[in-house]
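To start, the structure itself, in structure tokens.
The values are calculated or read from the model by the stated rules, or taken from the named source; none is laboratory data. These figures come from a predicted structure and were not determined experimentally. Glycine also receives a Cβ, built like all others from the backbone with ideal geometry; neighbour counts cover every protein chain displayed. With ligands, DNA and RNA removed, areas are computed over all heavy atoms of the protein, side chains included. Shrake-Rupley method; radii C 1.70, N 1.55, O 1.52, S 1.80 Å.
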Amino acid sequence: MVSPFPAPSQIQQPAAGATPSASPSATSSQGGVSGSVASPFGAQAQQAGLSIVVLDPAHGGTDPGARGTGGIRESEIVLDFVIQVRRALELQGFQVVQTRQGNENPSFDDRSATANAQRGAVFVSLHISSTGLPGTVRVYVNSDLPPVADSNGLIPWDRAQAPFLGLSKTFGDLVQGFLTQRFKGSPDAAQTASVRQLRTTAAPAIAVEISSVTVEDRADLDRMAPGVADAVARGAAAFKPSYVVANSPGALP
Amino acid sequence: MTPRWKFSLIGGLVITVLAAAIYFPILRRRVKRAARLQQQSQEQARRELTQPIAINPGDPRVKTKLFWASDTIDSTLVPVTVDLPLSNDPVLRSKQVLNTLLAGPVDAELRTLPPDALLLAFYLLPDGTAMADFSEALATSIPSGIVSEQLAVNSITRTLEANVPQVQRLKILIHGQEVETLAGHLDLTGTFVVNTKPSQPPAADKAAAPATGTLTPDKAPGKLAQPEHKP
């Protein structure tokens with residue numbers, strides 16, 4: 001179960017790399033955030049809206065993810081993409097938390113726990129595919145899940161995404177729209193798929209999958225990073241007004 | 001130590017080294033042979049487990065829809081119609097269509113499942129829940145990624161939906177075990193919806209199709225199956 005009041009050890013602080021000038025402060029007019037750090041006890045209960053983006057570079061450690069013939073490894077490239085996405089989000093006034101900083105491989109649940117410990121957060125998992133039309137990008141939201149019976153105020157961990165599916169779809173469509181403007185041939189709207197990483201995440205959550213590791217030159221993928229970063233940041237900014245943040249981390253929207 | 005002892009010691013060491021030099025290659029050959037035999041026996045066991053489903057010539061030939069990748073629209077499934085003699089028994093029928101799906105289309109580029117993947121077992125519970133147990137190759141040989149993994153699962157569920165109405169939902173196992181994901185992305189802990197309509201006997205069985213054996217791509221791309229999760 002996901003408690004609205006997670007243990008202090010679950011609370012993730014924004015990554016050390018965020019400088020005060022690049023990161024939104026509690027009074028940032030750009031981000032419109034009025035109290036930005038998740039409290040384990042819900043003391044700072046007032047939130048004006050979306051303030052934190054949790055970035056999840058998929059795979060890592062012993063799991064390289066998709067591998068291209070040219071030695072391209074998904075786990076490495078997504079980390080490079082995350083640097084640029086992070087920068088674009090911080091320019092939009094968001095705080096950014098990463099599920100991994102280097103070549104580690106946190107479990108699916110550990111990555112979800114990072115997101116579930118935040119208040120006013122969205123979750124973006126970044127992937128590079130093995131297949132698909134190179135140069136296109138797809139956004140995925142989780143498929144339908146059985147509804148959560150909110151009798152005790154707790155969200156079942158294995159269906160934590162259920163109450164957020166509508167918000168995830170809105171967020172996903174916005175990001176996909178900005179991506180499709182940049183990357184022709186990408187779908188017009190977010191797709192649904194049973195993505196394991198999203199299922200246990202108690203926040204609006206999307207997976208962004210870039211095609212693909214089959215490119216002959218890694219530079220072809222690197223050139224996509226600024227466009228992906230800009231689309232995610234613009235999508236998050238556009239989504240912000242429609243996300244009414246609950247008072248407690250992990251609580252129902 | 002006297003010179004005589006030194007001589008004996010050095011001689012003993014030389015003999016030991018020579019003996020080792022002769023014996024180690026023999027030992028290495030024996031280990032390799034044992035490993036090869038073990039591999040062969042595992043392969044044999046796997047073949048025995050996955051004997052092709054006997055096709056009864058008496059079974060009516062049925063227009064069977066198999067879902068493979070489209071060659072015109074990226075990352076989309078398209079139904080291909082093939083005439084197959086199919087059993088009326090839903091479990092045998094499921095095995096027949098899934099084995100045909102695993103065999104792949106004429107154009108190998110359009111396959112959705114790894115060529116070395118095998119269907120090890122198929123079970124159907126009275127409530128319409130089916131369990132398809134695939135060999136590890138389904139998880140290890142499939143290209144990693146959301147889109148490729150979803151295409152693989154959807155090709156299985158859509159093919160079952162089109163040909164075996166008794167299957168309501170599907171649980172995918174890998175080598176008899178529940179796994180968290182197919183290849184790092186797609187969630188396999190739940191079941192996937194196959195048929196939402198009440199089970200009815202396959203109507204196509206009544207009208208025997210001509211035994212052409214040709215593959216005919218249909219025009220409409222297949223819609224994607226919706227997964228569901230265990231309660």
So, with +1 on the Cβ of K and R and -1 on the Cβ of D and E, and no other charges, what is the size of the charge dipole of region A:51-246 about its Cα centre, to the nearest 20 debye?
-> 340 debye
Taking H placed 1.01 Å from N in the peptide plane, check which residues at least 5 places from A:SER194 or on another chain put their amide H under 5 Å from its amide H.
-> A:SER143, B:ASP187
Unit charges on C-beta of K, R, D, E only; dipole of region B:88-144, Debye | 120 debye
Area projected by the alpha carbon convex hull of region A:51-246, averaged over all directions, nm² | 10.0 nm²
Accessible area, 1.4 Å probe, largest first: how do B:LYS32, B:LYS95, A:LYS184 sort?
-> A:LYS184, B:LYS32, B:LYS95
Gained length - B:ASP127 relative to B:HIS175, 0.36 nm times residue gap less alpha-carbon distance = 15.0 nm
J(HN,Hα) series, region B:122-131, from Karplus relation 6.51 cos²θ - 1.76 cosθ + 1.60, nearest Hz, glycine and proline x | 9, 10, 9, 7, x, 7, x, 7, 10, 10
Sequence order, region B:170-182: Karplus ³J(HN,Hα) from phi using 6.51 cos²θ - 1.76 cosθ + 1.60, θ = phi - 60°, Hz rounded, Gly and Pro as x, gives 10, 10, 9, 10, 10, 6, x, 10, 6, 10, 6, 9, 6
Under 5 Å between amide H atoms, partner at least 5 residues away or on a different chain: which partners does A:TYR243 have, H built in plane at 1.01 Å?
-> A:LEU50
Binned Cα-Cα distances of region B:96-154, short to long, each 10 Å bin given as a whole percent | 21, 52, 23, 3
Taking amide H positions as placed 1.01 Å from N in the peptide plane, with prolines and chain starts having none, which residues 5 or more places from A:SER125, or on another chain, fall under 5 Å of its amide H?
-> A:ASP56, A:ILE206, A:ALA207, A:VAL208
Of all GluC sites (Glu not before Pro) in region B:95-191, which ones are in loop regions per DSSP and have a Cβ with at most 16 other Cβ atoms within 10 Å?
-> B:GLU136, B:GLU178, B:GLU180
Partner aspartates and glutamates for B:LYS171 [C-alpha distance under 20 Å; skip if fewer than 8 residues away on the same chain] | A:ASP144, A:ASP158, B:ASP89, B:ASP127, B:ASP133, B:GLU136, B:GLU149, B:GLU161, B:GLU180, B:ASP187, B:GLU228
Phi-derived 3J(HN,Hα) across region A:65-76 with the Karplus relation (6.51, -1.76, 1.60, θ = phi - 60°), rounded Hz, x for Gly and Pro, is x, 5, 10, x, 5, x, x, 6, 10, 4, 4, 7
Alpha carbon centroid spacing (whole Å) that separates region B:73-94 from region A:174-207 = 30 Å
Please go through the residue pairs A:LYS169/B:LYS95; A:LYS184/A:LYS240; B:LYS65/B:LYS197 and name each one whose alpha carbons sit more than 29 Å apart in this structure.
-> A:LYS169/B:LYS95
Leaving out ligands and nucleic acids, note down the accessible area per residue over region A:51-246 with a 1.4 angstrom probe, in whole Å².
-> 33 Å²
Accessible surface of region A:51-246 [probe 1.4 Å, protein heavy atoms]: carbon and sulfur percent | 51 percent
Could you name every residue in region A:49-80 that has 20 Å² or more less accessible surface in the full protein assembly than in its own chain alone (probe 1.4 Å, ligands and nucleic acids excluded)?
-> A:HIS59
